[in-house]
Amino acid sequence: MVFEQECGVGVVVTPEQIEEAVEAAINRHRPQLLVERYRFNMGLLMGEARAALKWADGKMIKHEVDMQVLHLLGPKTETDLEKKPKVAKARPEETDRRTAKDVVENGETVVQTLSLMEQLRGEALKFHKPGENYKTPGYVTTPHTMDLLKQHLEITGGQVRTRFPPEPNGILHIGHAKAINFNFGYAKANNGICFLRFDDTNPEKEEAKFFTAICDMVAWLGYIPYKVTYASNYFDQLYAWAEELIRRGQAYVCHQRGEELKGHNPLPSPWRDRPTEESLLLFEAMRKGKFAEGEATLRMKLVMEDGKMDPVAYRVKYTPHHRTGDTWCIYPTYDYTHCLCDSIEHITHSLCTKEFQARRSSYFWLCNALDVYCPVQWEYGRLNLHYAVVSKRKILQLVAAGAVRDWDDPRLFTLTALRRRGFPPEAINNFCARVGVTVAQTTMEPHLLEACVRDVLNDTAPRAMAVLEPLQVVITNFPAAKSLDIQVPNFPADETKGFHQIPFGPIVFIERTDFKEEPEPGYKRLAWGQPVGLRHTGYIIELQHVVKGPSGCVESLEVTCRRADAGEKPKAFIHWVSQPLTCEIRLYERLFQHKNPEDPAEVPGGFLSDLNPASLQVVEAALVDCSVALAKPFDKFQFERLGYFSVDPDSRQGQLVFNRTVTLKEDPGKV
């Protein structure tokens, strides 16, 4: 008996198992397949499927590989038919030096050989070591620099310190995910610490919900701040330093209006050379509320890299602050606050996006003008996505126009929206790692982010079955007096991860598209004379009678069933549900029709004119198997043959709502 088992005697491998094994192998190699296309070694896929199903028919495995690869890649193009060019073998020393240089910007190819931690660790970025700020090109030193760096090292112990400093006036988006990964990741990769600092210097636009949402999103991405701080923590110190700046002749109170300061070449301030004592008295008067908004500002005496002259350090705002109340009626600007808060917290690497490069000179100037520790500002490229709008102002316009529900509408690319749609945080972090730490601005295609999502969900989302357009099927010769209990693997490629049980009764529901009375050539699902298998049951059904309503519409089907091993194998296995739950399913597509909805050349009517009318389809009475009955918001599943879905927070007891996160396979039209 043992000998027969070892030889495979009596082992039945179903087409369904072959389909699942091949699908698992393709998912493991999907990124490489999408890059190499038909030049990929398909024998690898067949070998992995054969290893998983020792006694499967090799010809059936090859056929399934060919079919699934064709579905993924589409027909061969002329490029696919060209001979693969020979590649000279790299010498060992060249291989050792090779790093993650396979990232192609603008979203065409993303083959990353290094993890984010490997990209950020040690010498990989050629950043300065803590305390060696002066070795950075462009760093400005003074006679006090070395003493200040010595004191800095005594305080930090040579530890790497970074910070993520969002403004609490909106919800974080996909571009912020790169900033979070870079700042927290660089600290983590180099055994350092990262602060979460809220730049709360503009009380007019700040709301408590934004503070909470930002903290939630940082934690959701898997990062724990060393400390949560606020620019407002340092208002007293910042004010004292502003007075000192005036005393040193480096700042003055100005009465030019905001409109006079706009444009490329505003007129120089006529108050630039006013006496120090006069500016000190006027600055105190600003604090005491003796000037209306716009009547007076404190300006610093410097010319920035972009030619902007004498940036504003303080302005009058009679808006209560969420943390300090009515204590202050003057608030510091970003140009004044940012570098000084970095100095107070002894940040070693002030990492910010490329647009802040024009502020680097003011960053160094202000710290040196006050003789305080001066960190080093490093810039990196922003991460953008095609078919997306992330501007806070424009998202508010979308909400006001009724195009989206709120900041967390799953069609947006805010982090709260991506979480609601079902994107796992690991997938977003993996996407940031694949993009890499680039200096140039990177605009990626959404399908590359979706590929990262599939990679994670394939291994973490248990399987279930759901039907979007139900068609009732009555099995007239059901083999039992009552429903059977079917054991379904949570992950067919790895049955060690457990099973769930679903009922299988004489009435089942299938997708309406899985039946055709008059099928076109190549149709493989249920039709006259063409039986199909029901996934996981071990049974095949064959059509006997079509029941139609008065209008001629098909209302139900009557079929007979037989065991799958009792005759010829069917061409297809379809999903089904029996004794199901009714649920709502929301199917999402791109919100915009063009790659660059904000580009007037591409969309002359503006981004609001580019909305995709089919970006949301709601299926109000879908059916899902009872294995998901206890699911909670944000739980994720793969609905077999349909895609990956996540439970929406709108769900209530007895009425689940699912969001489609991504389809099972990439839509070739999106690539």
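The values are calculated or read from the model by the stated rules, or taken from the named source; none is laboratory data. The structure displayed is predicted, hence computed values, not measured ones. Backbone-built Cβ (ideal geometry, glycine too); neighbour counts: all protein chains shown.
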Determine if the range 273-280 includes at least one residue that is surrounded by fewer than 21 Cβ atoms within 10 Å (Cβ to Cβ), of a type in the set (A, V, I, L, M) and touching an Asp or Glu at 6+ places or on another chain (Cβ under 8 Å). yes
Cβ pairs under 7 Å, 6+ apart or interchain, first in the range 407-431 and closer than 19 Å to residue 639 by Cα, second aromatic (Phe, Trp, Tyr) and in a helix (DSSP H, G or I), ordered by first then second residue, are 419/220
Name the residues in the range 291-303 that are outside any strand (DSSP E or B) and either without any contact (Cβ under 8 Å) to a residue 24 or more places away in the chain or out of contact with any helix residue (DSSP H, G or I) (no Cβ under 7 Å at 6 or more places or on another chain) (or both), would you? 292, 293, 295, 301
Could you check, for the range 509-530, whether at least one of its residues is in contact (Cβ under 8 Å) with a residue 40 or more places away in the chain, of a type outside the set (Lys, Arg) and in contact with a Phe, Trp or Tyr (Cβ under 6 Å, 6 or more places away or on another chain)? yes
State yes or no: is residue 300 touching a strand residue (DSSP E or B) at 6+ places or on another chain (Cβ under 7 Å), surrounded by 17 or more Cβ atoms within 10 Å (Cβ to Cβ) and under 27 Å from residue 179 (Cβ atoms)? yes
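Okay, residues lined up against (1) outside any loop (DSSP other than H, G, I, E, B); (2) in contact with a strand residue (DSSP E or B) (Cβ under 8 Å, 6 or more places away or on another chain); (3) of a type in the set (Val, Ile, Thr):
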| residue | (1), (2), (3) |
| --- | --- |
| 142 | no, no, yes |
| 154 | yes, no, no |
| 166 | no, yes, no |
| 176 | yes, no, no |
| 181 | yes, no, no |
| 184 | yes, yes, no |
Lone qualifier among 564, 614 - being surrounded by fewer than 14 Cβ atoms within 10 Å (Cβ to Cβ) and either under 35 Å from the mean Cα position of the chain (by Cα) or within 20 Å of residue 488 (Cα to Cα) (or both): 614
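This table checks each residue for (1) out of contact with any Lys or Arg (no Cβ under 7 Å at 6 or more places or on another chain); (2) under 22 Å from residue 644 (Cα atoms); (3) surrounded by fewer than 21 Cβ atoms within 10 Å (Cβ to Cβ).
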residue	(1), (2), (3)
351	yes, no, no
357	yes, no, yes
361	yes, no, yes
370	yes, no, yes
377	no, no, no
382	no, no, yes
388	yes, yes, no
420	yes, yes, no
425	yes, yes, yes
Flag if residue 198 is free of Cβ contacts under 8 Å to residues at least 60 places away in the same chain, on the phi < 0 side of the Ramachandran plot and crowded, with 22+ Cβ neighbours inside 10 Å: yes
Which residues, counting only those in the range 507-535, are closer than 20 Å to residue 580 by Cβ and either in the same structural domain as residue 12 (by TED's automatic domain parsing) or touching a Lys or Arg at 6+ places or on another chain (Cβ under 9 Å) (or both)? 510, 511, 513, 514, 515, 525, 526, 532, 533, 535
Among the numbered conditions (1) in a helix (DSSP H, G or I); (2) of a type in the set (Lys, Arg); (3) out of contact with any strand residue (DSSP E or B) (no Cβ under 7 Å at 6 or more places or on another chain), tell me where residue 434 comes up short. (3)
Give me a count of the residues in the range 500-511 that are under 36 Å from the mean Cα position of the chain (by Cα) and surrounded by 15 or more Cβ atoms within 10 Å (Cβ to Cβ). 5
Please specify each residue of the range 225-240 satisfying the condition of being crowded, with 21+ Cβ neighbours inside 10 Å and either modelled with pLDDT under 95 or of a type in the set (Phe, Trp, Tyr) (or both). 235
The lone exception for residue 595 - which of (1) in contact with an Asp or Glu (Cβ under 9 Å, 6 or more places away or on another chain); (2) not in a loop (DSSP other than H, G, I, E, B) it fails: (2)
Applying the selection to the range 460-484, what residues are among the charged types (D, E, K, R) and at pLDDT below 95? 482
Pull out all pairs, ordered by first then second residue, where Cβ-Cβ is under 6 Å, the residues are six or more apart or on different chains, the first lies in the range 489-500 and is in a strand (DSSP E or B), and the second is surrounded by fewer than 17 Cβ atoms within 10 Å (Cβ to Cβ). 489/495; 489/499; 499/487
Of everything in the range 304-334 that's without any contact (Cβ under 8 Å) to a residue 40 or more places away in the chain and outside any loop (DSSP other than H, G, I, E, B), which residue is farthest from residue 273 (Cα to Cα)? 325
Looking for whichever is surrounded by 13 or more Cβ atoms within 10 Å (Cβ to Cβ), in contact with a Leu (Cβ under 7 Å, 6 or more places away or on another chain), hydrophobic (A, V, I, L, M, F, W, C) and within 19 Å of residue 411 (Cα to Cα) here; the options are 657, 624, 619, 577. Which one fits? 619
